[in-house]
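The values are calculated or read from the model by the stated rules, or taken from the named source; none is laboratory data. Just so you know, these numbers come straight off a predicted model, no measurement behind them. Backbone-built Cβ (ideal geometry, glycine too); neighbour counts: all protein chains shown. Each accessible area value is taken on the protein alone, full model and side chains, heavy atoms only, with ligands, DNA and RNA left out. Shrake-Rupley method; radii C 1.70, N 1.55, O 1.52, S 1.80 Å.
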Amino acid sequence: MSQNQEFENLANETRSFPPTPAFTNAAIAKPELYESARADRLGFWADQANQLHWHKSFTKVLDWSNPPFAKWFEDGELNISYNCLDRHVEAGFGKRVALFFEGEPGDTKVFTYRDLLNEVKKAANLLLKLGVSPGDRVAIYMPMIPEAIIAMQAVARVGAVHSVIFGGFSADSLASRIQDAEAKIVITADGGFRKGKASALKPAVDEALANQNCPSVEHVLVVQRTKGEVAWNPVTDLWWHEEMQVVSNQHEALGFGAEHPLFILYTSGTTGKPKGIMHTTGGYLTQASYTHKNVFDLQPAQDIYWCTADVGWITGHTYVAYGPLANGSTQVIYEGTPDTPDWGRWWDIIQKYHVSIFYTAPTAIRSFMKLGRKVVQHYDLSSIRVLGSVGEPINPEAWMWYREVIGSNLAPIVDTWWQTETGAIMISPLPGITHTKPGSAQVAVPGIELAILDEAGAPVGPGHGGYLTISEPWPAMLRGIWKDPERFQETYWDRFPGSYFAGDGAKFDLDGDLWLLGRVDDVMNVSGHRLSTAEIESALVSHPFVAEAAVVGAKDETTGQAIVAFVILRSSQLNDLGSEADTSKILRDHVAKEIGAIARPRTIIVVSELPKTRSGKIMRRLLRDVAEDRPVGDITTLTDTSVMDTITGKINAGHSE
Ligand code: WT7
């Protein structure tokens with residue numbers, strides 16, 4: 001199915017669900033939000049920012065005199081950790097639960113706001129003791145345990161900059177991120193529990209740091225989680241629990257400038273090198289807390305909120321580590337996988353903690369859909385009142401299943417579109433206000449201005465596909481790419497001068513509702529995780545067997561897209577090779593080792609040639625046709641038009657892996 005045909009199907013969607021009057025009457029977000037944002041956009045954002053605690057008030061909302069480098073609330077000063085913790089304790093909510101931690105083996109821990117503040121103060125003192133100063137980078141490579149959040153909060157509290165690296169990334173990926181940011185400290189754990197067993201993390205840190213490979217690193221703080229054996233470097237390594245015992249729990253949070261850097265988060269782009277997306281403090285926290293409150297209809301004193309994202313991704317930053325805490329909410333965090341000990345685990349957690357707001361990804365929903373309602377029906381999910389979706393387009397079928405089976409046909413679904421770069425939600429219905437259609441992300445949130453443009457930069461009308469752009473700066477926007485201002489300018493701002501180019505295709509339907517159509521660049525979205533074709537290609541060609549590689553994202557029923565790699569093997573190595581199945585396994589494992597298990601291709605197809613244009617560009621469009629098993633499109637621009645016959649002939653003969 002082509003993208004256009006698919007949109008036709010979506011555009012025919014006639015189901016629309018109005019919010020229930022009961023929900024609307026009690027909802028946090030009021031229609032006036034749209035009105036006031038439209039009437040005075042900057043004044044609106046100033047009002048949102050003023051919900052935070054400022055050590056020093058700001059006098060100017062936005063400085064956009066040097067685009068694309070925005071400054072929000074620049075002369076204001078605040079401390080993000082003070083906003084997330086101290087102010088709630090000072091307001092008398094110290095006994096409210098901040099975190100319900102559920103370990104995969106079934107162990108649990110509860111942190112009230114007072115407890116969490118206490119831990120964060122100690123961790124802040126520990127960082128100071130290790131010589132961390134404002135602006136220094138601290139790498140965090142952790143499982144989904146409370147210490148990950150404590151570490152992020154502590155780094156931010158002392159004005160240092162965290163770079164969280166997802167625990168599924170390999171030692172090489174970890175090393176390149178540590179090197180790029182010149183991190184002074186690495187905070188990690190011996191391991192975490194996943195799929196019913198302890199999975200080690202520390203060895204990847206050891207490998208990344210071996211042979212003075214990461215000379216910036218002075219110390220490695222190791223949280224003890226699995227109690228597995230760890231190799232120990234007495235010069236650098238320190239046990240977190242030992243150090244935390246000997247530091248003071250007194251720490252005053254100082255104000256930092258609103259534009260003080262908060263974190264770097266690496267994400268894949270269209271080249272082989274990940275981009276260090278930079279976020280700063282005041283604007284980020286403003287939009288994080290505003291969206292968390294209004295999009296999820298958060299009633300902090302009653303709701304139990306659970307976002308299943310790992311802190312290694314932007315969702316785990318904005319909607320686990322910062323937004324919920326800034327709003328004084330109670331949240332659940334879970335360490336493990338949804339299928340351990342069985343596929344009932346998530347629903348068991350919802351039942352156990354009475355989760356009322358649940359935020360997850362379409363991939364997960366589709367996996368459960370495949371298993372059928374039975375798995376879910378054993379559990380009482382009646383506490384759920386708002387459902388969120390994020391990370392990739394949600395197909396109408398999965399949306400309906402989510403609504404019917406998880407939300408009992410009552411809970412509004414908020415399909416939230418945003419990116420690592422946008423920092424916070426940009427497009428989403430507001431529960432209680434917006435009629436929702438299965439599969440549509442609906443409308444920009446109040447305060448956000450967007451446009452869908454054609455190739456020439458003119459707005460496309462309703463019913464036509466185009467490029468999603470953001471027309472006005474927004475508070476949580478990225479402030480740049482670490483050490484690479486040119487790439488920042490080129491990637492996001494050169495294509496449509498004055499507007500931010502998101503890299504996604506989108507359409508408005510005839511009702512003015514917005515539909516996301518997937519990426520328009522060489523970025524794949526696998527299970528809601530962003531991966532670059534170029535990065536995987538360069539991992540493949542780093543193997544001695546491989547002469548050339550081309551990677552495409554092919555549609556996949558569960559994961560959204562799946563990685564399909566076409567490779568040409570080196571003739572000199574062919575004698576060393578076993579069957580194609582062996583080669584495929586070797587190469588899939590090689591990519592997992594180079595980048596991380598999330599990048600392991602689903603399919604490797606060995607070919608003798610790749611389709612190229614006369615200028616030598618690989619025609620990925622044609623390979624995608626092959627990978628998605630449909631007739632190959634226009635081949636007239638190929639140097640050698642017989643190449644596609646050879647490739648498809650091979651596929652049809654059933655030789656593919
Ligand atoms: C890309 C951003 C935002 C946190 C998770 C991913 C896709 C994200 C949606 C959605 C359709 C979506 C886009 C976007 N995406 N949310 N609700 N509907 N597509 O963050 O890794 O920065 O990826 O994810 O393609 O550009 P990310």
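Listed by position, the strands (runs of 3 or more DSSP E) inside segment 484-531 whose residues that are at pLDDT below 95 number at least 3 are 514-519, 523-526. Residues in segment 489-506 that are within 15 Å of the ligand (Cβ to nearest atom) and either in contact with a Pro (Cβ under 8 Å, 6 or more places away or on another chain) or open to solvent by 50 Å² or more (accessible area, probe 1.4 Å) (or both): Tyr492, Arg495, Tyr500. Evaluation of Thr108 against the conditions (1) free of Cβ contacts under 8 Å to residues at least 24 places away in the same chain; (2) crowded, with 24+ Cβ neighbours inside 10 Å shows that the sole unmet condition is (2).
Picking from Ala189, Ala208, which residue would you name as being touching a helix residue (DSSP H, G or I) at 6+ places or on another chain (Cβ under 9 Å) and under 17 Å from Val311 (Cα atoms)? Walk me through it before giving the result.
Working: Ala208 fails: under 17 Å from Val311 (Cα atoms).
Only one candidate passes the filter, namely Ala189.
Every condition in (1) away from the ligand (no atom under 16 Å from the Cβ); (2) without any contact (Cβ under 8 Å) to a residue 60 or more places away in the chain holds for Arg519 except the one numbered (1). Could you go through segment 83-97 and let me know if any residue there is in a strand (DSSP E or B) and under 22 Å from Asp303 (Cβ atoms). Scanning segment 83-97, I find at least one residue that is in a strand (DSSP E or B) and under 22 Å from Asp303 (Cβ atoms), so the answer is yes.
Scanning segment 450-478 for residues being part of a loop (DSSP other than H, G, I, E, B) and open to solvent by less than 20 Å² (accessible area, probe 1.4 Å) gives a total of 6.
For segment 111-123, state whether one or more residues are assigned to a strand (DSSP E or B) and touching a strand residue (DSSP E or B) at 6+ places or on another chain (Cβ under 8 Å). Scanning segment 111-123, I find at least one residue that is assigned to a strand (DSSP E or B) and touching a strand residue (DSSP E or B) at 6+ places or on another chain (Cβ under 8 Å), so the answer is yes.
Counting just the residues of segment 522-557 that are hydroxyl-bearing (Ser, Thr, Tyr) and within 14 Å of Arg620 (Cα to Cα), which one comes out nearest to the ligand (Cβ to nearest atom)?
First, the residues of segment 522-557 that are hydroxyl-bearing (Ser, Thr, Tyr): 527, 532-533, 538, 542.
Remaining after also requiring within 14 Å of Arg620 (Cα to Cα): 532-533.
Values: Ser532: 11, Thr533: 14 Å.
In this case the residue turns out to be Ser532.
Out of all the residues in segment 263-306, which are among the hydrophobic types (A, V, I, L, M, F, W, C), under 22 Å from Glu486 (Cβ atoms) and open to solvent by less than 10 Å² (accessible area, probe 1.4 Å)? Correct list: Phe263, Ile264, Leu265, Ile277. Within segment 507-539, the only residue that satisfies the criterion of being within 17 Å of Gly466 (Cα to Cα), buried (at least 18 other Cβ atoms within 10 Å of the Cβ) and small (Gly, Ala, Ser) is Gly518.
Please find, within segment 604-637, the residue that is farthest from Ala592 (Cα to Cα) out of those that are within 29 Å of the chain's Cα centre (by Cα) and assigned to a loop (DSSP other than H, G, I, E, B). Only one residue fits best here, namely Met619.
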